[in-house]
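Some notes on the structure that comes next.
Just so you know, all these numbers are worked out from the coordinates, no wet-lab data involved. Predicted, not measured: the structure shown is a model, and the values here were computed from it. Counting neighbours? That spans all protein chains shown, and the Cβs are built from the backbone with ideal geometry, glycine included.
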Amino acid sequence: MKYFLIAGEPSGDLHGAELMRNIKTQDQDAEFCFLGGDLMFKESTNRVMHYERMNFMGILEVIKKIKTIKENFAICKNELLQFKPNVVILIDYPGFNLKMAQFAKENGIRTAYYISPKIWAWKEWRIKSIKQFIDKMYCILPFEKEFYDKHNFKVELIGNPLADIINRFRANQPVDAVNPFQEEDKPVVALLSGSRYQELNKCLPLMVDVASRFKDFTFVIAGAPSIDAAYYQKFIDGSNIKIVYNQTYSLLSYSYAAVVVSGTATLETAIFGVPQVAIYKTSYLTYYVARLLYKLNFVTLPNLILNDEVIKEVLQFDMKNRTINELSSILYDDEYRKKMQENYQLISQKLGSNAAQNAAVNLHQWLKG
């Protein structure tokens with residue numbers, strides 16, 4: 001069968017590649033065409049465009065890139081019609097993907113959503129489009145099924161692919177006694193600064209400033225492959241902060257703590273058991289619009305999964321002092337660290353396993369039927 005996948009950001013690329021790999025085990029004749037990144041490219045070379053061309057965030061950024069966005073839609077629609085897939089698989093990224101779902105349905109193509117968009121947090125009105133244009137919805141967070149049940153829309157709760165990916169990594173990459181990221185005897189603090197230029201511009205200067213206050217620790221940035229080292233360098237010149245690429249999971253394996261830009265990385269850090277503080281800053285326009293639309297008490301996945309403040313969320317205002325205070329607690333208060341890590345264990349128990357495999361099996365049976 002023929003599968004057309006759309007992933008518009010790094011986390012989608014990660015999950016898309018995992019799904020493609022599992023689809024191959026169910027369908028030996030599987031053909032792929034996709035929008036995504038380097039990980040998906042390892043599974044199929046039939047790429048329409050890289051997600052870097054699609055990866056915009058914030059109201060102002062979207063307005064500036066409106067011409068590119070329109071071009072992306074035109075390219076994607078044309079490739080979809082040329083490829084003639086049995087199914088379009090959409091991976092999160094709802095602003096683009098729901099429009100493509102509508103286009104696919106108008107052209108008689110079945111649609112599946114792998115990893116639900118976060119309409120439970122904001123833009124709940126998108127449920128109308130989902131019910132109209134999505135044939136299959138695969139959810140990876142335990143509270144999502146309750147949300148869709150409330151709207152009388154059947155979904156498949158398949159487990160969480162991050163848990164599978166990380167557990168497999170840890171099984172294959174045992175931690176050595178010698179920490180390869182550590183300088184002298186200073187424990188490592190990972191800096192996960194995001195994968196978008198907007199996130200780096202807003203959050204990395206804060207991270208560098210905070211790091212300068214903790215001389216007894218080694219601070220290491222997990223560099224995003226899509227961002228050139230020279231771009232990081234302008235932020236860290238004059239500091240002792242290091243950058244590593246394509247080693248985020250190795251870095252977390254050896255980290256004592258982390259400062260993490262809010263997003264999927266907060267859940268990855270939790271699964272690794274690394275105490276963390278989550279930060280985020282955007283334009284004030286985007287922030288105030290988001291506050292009006294956002295419906296939940298928390299923004300980070302660890303907190304949402306337990307519906308409790310597992311990790312501190314430092315957002316938008318007075319960020320330096322709040323981040324310094326929280327990181328101090330994480331680094332020096334053993335009881336505080338222990339409580340956070342106990343909550344991490346509860347999260348891991350809720351996530352389930354074999355997500356991509358479960359989705360691939362269900363998807364293949366559905367398409368055959």
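The table below gives the values:
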quantity	calculated
Whole-Hz ³J(HN,Hα) from phi, Karplus 6.51 cos²θ - 1.76 cosθ + 1.60, for region 338-348, glycine and proline x	4, 4, 4, 6, 5, 5, 4, 4, 5, 4, 4
Beta bridges per DSSP with both ends in region 57-214, % antiparallel, nearest 5	10
Test item: Cα-centred dipole of region 145-233, Lys/Arg +1 and Asp/Glu -1 on Cβ, debye	320
Under 5 Å, built H, 5+ apart or other chain: amide partners of V314	A278, I279, Y280
Ratio of the Cα radius of gyration of region 169-351 to 2.2 N^0.38 Å, where N counts its residues	0.99
Electrostatic dipole magnitude of region 169-351 [Cβ: Lys, Arg +1; Asp, Glu -1; Cα centre; debye, to 20]	520
Amide H contacts of E31 (H built 1.01 Å from N, under 5 Å, at least 5 apart or other chain)	K2, Y3
Of L19, G95, N354, farthest towards positive along the dipole that unit charges on Lys, Arg, Asp, Glu beta carbons give the chain	G95
Electrostatic dipole magnitude of the chain [Cβ: Lys, Arg +1; Asp, Glu -1; Cα centre; debye, to 20]	1340
Extension gain, N297 back to R213 (0.36 nm per residue minus Cα-Cα distance, nm)	27.2 nm
Virtual spin-label span in nm between D334 and K42, 7 Å along Cα→Cβ	3.9
Other-chain or far-sequence residues with amide H under 5 Å of R110's (modelled H)	V88
DSSP beta bridges in region 169-351 [antiparallel fraction, %, rounded to 5]	5
Helix 66-83 vs. the chain, principal-axis angle (Cα, 0 to 90°, nearest 10)	50
Which of L306, F317, T286, positive extreme of dipole for region 169-351 (C-beta unit charges)	T286
Derived scalar couplings ³J(HN,Hα) [region 199-208; Karplus, 6.51 cos²θ - 1.76 cosθ + 1.60; whole Hz; x for Gly, Pro]	5, 4, 4, 7, 10, 5, x, 5, 4, 5
Sum of -39500 (n - 2.57) over DSSP H runs of 4+, divided by residues of the chain (222 nm, nearest 500)	-15500 deg cm²/dmol
